Amino acid sequence: MKKGKYNNYNKNLNLKAKVLRKNMTEYEKKLWYRFLNEYEIRFYKQRIIDNFIADFYCPKAKLIIEIDGEHHHSDKESKYDKYRTEILSRYNIEVLRFDNSEIKNDFHIICEKIDKAVKTRLQKLS
């Protein structure tokens, strides 16, 4: 595993992360272009951390935002998501998860939750 500027990462995931950046889901695009892209603290799309690709990552706040589609509701995916969160917590990274339906129906509330989480994390880490 190579030590990257922001985190440890598996360089074998570079191509996959690049493809995911270019092919964001409808809900990832909405969150990125209508909020995170111009947020006051920098977020990155499809950031590799350890052996995972986070949908959105804010290194300053050590915060990951995950947008979960339908497949995340299966037992297998739910267990994998929990495992992934446990590994990422070892890097002192917090993971926020939102369903597609939350992005679709409660967008402004989600943005407020993200803003609050970033500010809380920045205070905690300072």
Pull out the extension gain between Y91 and H108, defined as 0.36 nm times the separation in residues minus the alpha carbon to alpha carbon distance; nm, one decimal. 3.2 nm
Could you tell me which of the pairs K76/K124; K45/K116; K16/K45; K22/K119; K11/K62; K16/K119 are separated by over 23 angstrom between their Cα atoms in the structure shown? K76/K124; K22/K119; K16/K119
Starting with the fewest neighbours, write out L88, L122 ranked by other beta-carbon atoms found within 10 Å of each beta-carbon. L122, L88
Per-selection Rg to Rh, the chain - Cα, Kirkwood hydrodynamic radius: 0.93
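Coordinate-derived values only; no laboratory data. Being a predicted model, the structure only gives us computed values, none of them experimental. Here the Cβ is made from the backbone with ideal geometry for all residues, glycine too, and neighbour counts use every protein chain on show.
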